[in-house]
1. So if I check each of A:Glu100, A:Glu120, A:Glu90, which one is out of contact with any helix residue (DSSP H, G or I) (no Cβ under 6 Å at 6 or more places or on another chain), within 18 Å of A:Gln256 (Cα to Cα) and buried (at least 21 other Cβ atoms within 10 Å of the Cβ)?
2. Could you tell me which residue of the stretch A:122-143 is farthest from the chain's Cα centre (by Cα), considering only residues that are over 28 Å from A:Leu83 (Cα atoms) and assigned to a helix (DSSP H, G or I)?
3. Looking at A:Glu208, A:Glu147, A:Glu203 in this structure, which one is of a type in the set (D, E, K, R), farther than 24 Å from B:Ile67 by Cα and either crowded, with 24+ Cβ neighbours inside 10 Å or not assigned by the TED database to the domain that holds A:Val527 (or both)?
4. Within the group A:Asp530, A:Asp594, which residue is of a type outside the set (Val, Ile, Thr), more than 18 Å from A:His640 (Cβ to Cβ) and free of Cβ contacts under 8 Å to residues at least 12 places away in the same chain?
5. If you go through the stretch A:566-573 one residue at a time, do you hit one that is crowded, with 23+ Cβ neighbours inside 10 Å, modelled with pLDDT of 95 or more and more than 23 Å from A:Gly627 (Cβ to Cβ)?
6. Answer yes if at least one residue in the stretch B:114-135 is loosely packed, with under 15 Cβ neighbours inside 10 Å and modelled with pLDDT of 85 or more, and no otherwise.
Amino acid sequence: MASTALNPSFSKPSPFPSFNSLKPHCRITLPVLTNYRKPTPHRPPLHITNSLSDPKPKPATAAAATKTATASTTTTTTPETFLSRFTPDEPRKGADILVEALEREGVTNVFAYPGGASMEIHQALTRSSTIRNVLPRHEQGGIFAAEGYARASGLPGVCIATSGPGATNLVSGLADALLDSVPIVAITGQVPRRMIGTDAFQETPIVEVTRSITKHNYLVLDVEDIPRVVREAFFLASSGRPGPVLIDVPKDIQQQLAVPIWNQPIRLSGYVSRLPKPPLENHLEQIVRLISESKKPVLYVGGGCLNSSEELRRFVELTGIPVASTLMGLGAFPSSDELSLQMLGMHGTVYANYAVDKADLLLAFGVRFDDRVTGKIEAFASRAKIVHIDIDAAEIGKNKQPHVSVCADVKDAWKGMNSLLEKEGKLKFDFSDWREELKEQKMKYPLSFKTFGEAIPPQYAIQVLDELTNGSAVISTGVGQHQMWAAQWYKYNGPRQWLTSGGLGAMGFGLPAAIGAAVARPDAIVVDIDGDGSFIMNVQELATIRVENLPIKIMLLNNQHLGMVVQWEDRFYKANRAHTYLGNPSKESEIFPDMLKFAEACDIPAARVTKRGELRKAIKKMLETPGPYLLDVIVPHQEHVLPMIPSGGAFKDVITEGDGRSMY
Amino acid sequence: MRLGWALPPSAHGETIINPSFQLNRNPTTVAPSKTLHFTTAVVKLSSGFRSHTLSMVVNDSPGVLNIVTGVFARRGYNIQSLAVGPAEIQGLSRITTVVPGTDESIGKLVQQLYKLIDLHELTGDLDKMVALQRLLEPYGICEVARTGRVALVRESGVDSKYLRGFSLPL
């Protein structure tokens with residue numbers, strides 16, 4: 001889905017020889033010829049082997065086999081300019097090898113929380129002059145911060161935790177990174193090898209636990225493997241469709257002395273051979289032809305476009321096609337642009353969903369047809385031909401069958417299409433009627449909210465923040481109503497400005513993610529727009545913010561409720577409150593918990609604002625105060641996120657009216 | 001099984017064009033193989049549900065079987081038959097499975113399997129057991145006993161797709 005974000009220190013591998021072509025004398029690759037079907041380029045080659053029928057393989061065959069199994073790929077490793085703290089043949093602890101391996105990957109920040117099984121790594125970290133540790137106050141905060149770092153910078157985020165509970169606390173973050181395709185390298189301590197499988201103290205089989213929520217994971221069983229495993233982990237995390245990779249390192253390996261071999265080749269022949277190749281020009285020509293034949297095209301762009309923002313802008317400039325973005329894709333195309341339809345989907349704008357519903361051509365680039373976007377899948381873009389470009393072959397046709405699909409990095413696809421469009425001056429597109437039609441919809445159904453007396457509409461608070469920061473802040477959020485409002489009302493002008501837990505929807509994401517963003521981009525204004533429910537889930541990270549003196553602004557939209565669930569209760573459960581009130585039922589007139597005291601406990605300046613008239617001044621003060629700041633904005637809990645297409649609904653089911661003040 | 005997805009489209013930066021979109025082309029008719037003169041057409045259940053054989057070459061290390069079967073389990077596929085053994089190359093194992101499903105659902109499963117880092121190679125539906133049995137029949141078969149289904153790529157490269165649909169013998 002997302003495009004490749006290679007670690008700068010990693011030199012791009014040359015096209016690897018395929019696994020089979022390495023042993024020509026033992027295996028021959030032939031294209032299959034069948035009688036009933038025309039051979040096509042994507043026909044699998046059939047591998048014919050004679051090695052099984054050969055009882056005593058010739059020495060050459062055996063040698064080749066070993067070669068294939070051990071060293072099927074070659075890559076140059078670290079730049080030669082790297083200065084090690086150790087002389088080349090000096091034995092050092094496994095933990096030191098691990099830390100140096102991180103240094104060689106260009107890592108400058110880690111989010112690590114120590115424990116018995118990982119303290120060796122922390123000891124080694126203190127000996128590193130280039131890696132700084134930001135100490136979170138909970139491992140979940142650590143991995144969410146690493147995610148914030150990765151999302152804000154595009155580089156892999158690194159977090160380290162101890163065995164057992166430390167490792168299991170990483171689980172939500174790994175799942176989140178997998179669903180949102182965020183490059184993460186998570187390192188966990190493990191009990192010593194001899195104790196694995198004995199139910200030892202703080203032992204969990206974390207490799208088993210995280211198997212289905214990581215892109216790949218490793219249990220290091222040999223100290224010699226550390227350089228290669230770390231290299232592979234960073235390569236896997238950031239290549240193809242990015243994702244989290246976990247490395248589990250037993251404590252005895254961390255302590256074992258060894259002389260590392262840094263130029264070990266990576267062993268990912270299968271994976272590398274399946275990485276998408278650049279798109280073929282005639283496929284792109286076909287897409288351009290479809291565009292020229294269409295009258296109502298619309299772009300549906302997602303998280304896969306975050307690295308190709310420039311190419312996207314150029315493409316829109318050349319074609320004049322309006323752009324609808326997913327939650328993950330916000331910022332890839334500037335929200336304030338005239339051709340932006342903003343977000344589509346369940347809480348997307350009416351005009352974005354209208355555009356997809358009425359379109360005759362849907363250009364789905366770097367997206368995965370998530371249910372929160374499509375609603376009723378059969379009704380989604382039912383009038384359109386669908387072009388799907390994605391880096392992950394498994395996404396193509398998973399939920400919706402495209403008419404034309406290309407498995408490639410969208411960046412390459414756009415580059416190719418743009419040059420085609422630039423070359424063919426004769427292709428002039430005129431979608432002005434379509435744009436007029438959409439403009440009409442924009443006028444008819446703009447995003448809106450109502451104001452009740454001096455109560456602060458939460459949408460208004462975000463609108464004011466957008467104005468005061470000129471749409472340039474890095475925004476992180478928790479999950480729920482405030483997240484949707486932050487997606488709708490803040491106008492993101494660039495990619496990697498919007499950090500949110502999209503696929504997993506993990507509450508408590510906002511505060512630690514802001515930490516990661518502030519570490520990755522020290523000069524940016526970082527604002528965590530949070531809800532009272534989400535904020536308290538990782539409130540302990542206030543301590544981290546104070547200690548690291550990170551200039552993070554927290555704008556808390558506090559409605560004393562689990563707002564999104566309340567909204568669903570209002571709409572679909574006759575407003576029956578089922579454990580969605582987060583205040584103190586015995587003192588309903590008071591704000592509970594007093595978030596300002598959390599801030600005070602961590603020595604962070606804070607203020608509360610309850611009146612609309614005072615809001616602008618309060619936000620200004622928050623932004624002008626140096627260092628961290630918490631602004632507790634009290635908002636009514638009756639507000640609903642609108643527009644809303646109920647789960648599994650179609651465009652015609654869109655709700656644009658009402659709130660918790662009326663009954664349904 | 002269409003073998004179209006037996007290699008990831010990614011491998012060639014592939015464009016796949018849905019046949020329904022292409023000028024209502026007639027569905028490809030299944031022609032009998034020229035190599036083996038069987039004229040029986042493929043018997044396909046109306047639901048499109050049938051068993052598919054997948055043969056995988058994976059790294060031979062602890063937990064890999066778990067990784068592979070985990071994909072089947074969490075995506076809701078039920079394995080009918082499973083055979084694991086060392087591959088012809090040291091350090092690699094071959095896993096052969098039989099999974100019931102529609103061509104489309106198995107196609108999606110294959111795409112998910114291709115994401116496994118430990119997977120080197122995946123080939124589909126190459127079972128030759130029926131063919132072998134037919135070949136041996138003229139010589140007289142005393143008894144056939146089967147373990148888990150085993151499939152290997154045959155040297156001639158002949159595809160036996162048309163054999164599918166026959167119930168398993170014995």
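The values are calculated or read from the model by the stated rules, or taken from the named source; none is laboratory data. As the structure is a prediction and not an experimental result, all values here were calculated from the model. FYI the Cβ positions are ideal-geometry reconstructions off the backbone, even for glycines, and counts take in every protein chain you see.
1. Testing whether each residue is out of contact with any helix residue (DSSP H, G or I) (no Cβ under 6 Å at 6 or more places or on another chain), within 18 Å of A:Gln256 (Cα to Cα) and buried (at least 21 other Cβ atoms within 10 Å of the Cβ) leaves just A:Glu100.
2. A:Glu139
3. Selected residue: A:Glu147, the only one of A:Glu208, A:Glu147, A:Glu203 that is of a type in the set (D, E, K, R), farther than 24 Å from B:Ile67 by Cα and either crowded, with 24+ Cβ neighbours inside 10 Å or not assigned by the TED database to the domain that holds A:Val527 (or both).
4. A:Asp594
5. Yes.
6. Checking the stretch B:114-135: not a single residue is loosely packed, with under 15 Cβ neighbours inside 10 Å and modelled with pLDDT of 85 or more.
Okay, residues lined up against (1) within 12 Å of another protein chain (Cβ to nearest Cβ); (2) in contact with a strand residue (DSSP E or B) (Cβ under 7 Å, 6 or more places away or on another chain):
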site: B:Asn66; (1), (2): yes, no
site: B:Gly70; (1), (2): yes, no
site: B:Gly76; (1), (2): no, no
site: B:Ser81; (1), (2): no, yes
site: B:Lys108; (1), (2): yes, no
site: B:Gln111; (1), (2): yes, no
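Here is a yes/no grid of residues against (1) surrounded by fewer than 24 Cβ atoms within 10 Å (Cβ to Cβ); (2) within 30 Å of A:Leu642 (Cβ to Cβ):
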| site | (1), (2) |
| --- | --- |
| A:Gly366 | no, yes |
| A:Val406 | no, no |
| A:Val410 | no, no |
| A:Ala413 | no, no |
| A:Glu422 | yes, no |
| A:Glu436 | yes, yes |
| A:Phe449 | yes, yes |
| A:Gly453 | yes, yes |
| A:Pro458 | no, yes |
